[in-house]
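Structure first, commentary second.
What follows draws every value from the coordinates through simple rules; no lab data is involved. Worth saying up front: this structure is predicted, and the values here are computed from it rather than measured. Note that we place each Cβ from the backbone using ideal geometry, even for glycine, and neighbour counts take in every protein chain shown.
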Amino acid sequence: MIKAQSGSNYLDWAAQGLQCSDCTPYLEGQIHYEKSLNLFSMGVRQVSSFLDEPRWWSKGVSALKQAEESISRALVCLERGCAQERMMIVLRFMTNLLTASAPNLDDIYVCISISSSFSCFIMNPTVRGI
């Protein structure tokens, strides 16, 4: 039911599915896999689409941080070497680039909202965490 679905409603369905007594380890891995993809896409969409609204920036950052946790859970459950595991490894790398490389994502938001572009983020090594 959650496969290929996106949005916050499907996160609720994923949580309900994980609590079912007949949820097998395989199904748990698949749910975490789809949940991770959903959270990542929601986070990127919210951060990139609503730069003028701090509320959406915060929601996007929160979704990306939740994606990190869901990716870790998926990697525990998924079969070693399967396509989904490889995809989660790539997604973990991308999520880490977006979150861990910028210790304070609010600094980036302030920079973007002031300049209306990414130029101060790109040009300022202290904001980039370098």
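Ordering Leu27, Ile71, Val61 by Cα displacement along the dipole of region 7-73 toward the positive end leaves Val61 in first place; charges were set at the Cβ atoms of Lys, Arg (+1) and Asp, Glu (-1). Kirkwood analysis of the Cα pair distances in region 8-99 returns a hydrodynamic radius of 13.4 Å.
Across region 72-79, rounded Karplus estimates of 3J(HN,Hα) from the backbone phi angles (6.51 cos²θ - 1.76 cosθ + 1.60, θ = phi - 60°) give 4, 5, 4, 5, 6, 8, 6, 5 Hz, Gly and Pro being marked x.
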